[in-house]
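Some notes on the structure that comes next.
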Amino acid sequence: MSVNKHHNPPKQSRSRRTLERIVQAALEILEEQGYTALTVQSVVDRANSSVGSFYARFSGKEDLLDYLGERVWDQALKRWDGAVRARDWSEIDLQHIAEGSMGLLVDIGASRAGYLRALDQARGIDGLAYNRFRDSVLGDVAGILLERRDEMSHPEPELAVRLGLLAAEGMIEADRVADGPLPRDILASEATSLLLHYLTAGSTPRAPIRSSEEVDFFDIWS
């Protein structure tokens, strides 16, 4: 097990900027070229840094990967948790929550998720962190949807939400690995229709009690 030097973050602004360049360079290499291309030398070359600067912060490549795994997923979860807590969900109807949540799931499967999955693979956990993050998002979305059970026609809202999310997520995941994936808007729209079919037992959603608004969760990787 490597010694985690990075647990004490650099306090000087110049040192922090160097760390950020190293981190960004490593993520770009993972996304563009994969784990085998990630070496200490390739990272410092892209970061316009030096091997000495690298080893002042990390004991080696595995130490860097551990840091990236902790930081990337922890930050994404914090942003997600903050976004969920900041919104008043009682003011948004079922249709808009479904649309927003499916758009988010599509974005999780695309965007920068490529290097995040590569990062999991590189750390030898093969999707564990990615799946943990996704499961957290799905759990929160299920809870948000169930707050609108009064708009659902399905006799068992909990079952409908569970199956609807599983079906929609399966569609999104299958499209990600298929040749020639669908455009983002089309995939999100079809996943929304599938989810709403479960929630309303195939009928038109019941009219919302409160006013609705478009749901734009946030850019999860910003």
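Placing R0 at 35 angstrom, the Cβ-Cβ distance between Ser13 and Arg85 gives a FRET efficiency of 0.70 after rounding to 0.05.
When you count the other C-beta atoms within 10 angstrom of each residue and take the mean per peptide, 93-106, 160-173 line up highest first as 93-106, 160-173. Each Lys and Arg Cβ is given +1 and each Asp and Glu Cβ -1; about its Cα centre, the range 10-58 then shows a dipole of about 420 debye. Working value for the range 10-58: equivalent-ellipsoid semi-axes of 19, 11, 8 Å, each the square root of 5 times a Cα gyration tensor eigenvalue, largest first. Which of Leu19, Ala47, Ile29 sits closest to the plus end of the dipole of the range 10-58, meaning its Cα is farthest towards the positive end, when Lys and Arg get +1 and Asp and Glu get -1 on the C-beta? Highest projection toward the positive end goes to Leu19.
Only the coordinates and a few stated rules stand behind these numbers; no lab work does. If you're wondering where the values come from, they're calculated on a predicted model, not measured in any experiment. Note that we place each Cβ from the backbone using ideal geometry, even for glycine, and neighbour counts take in every protein chain shown.
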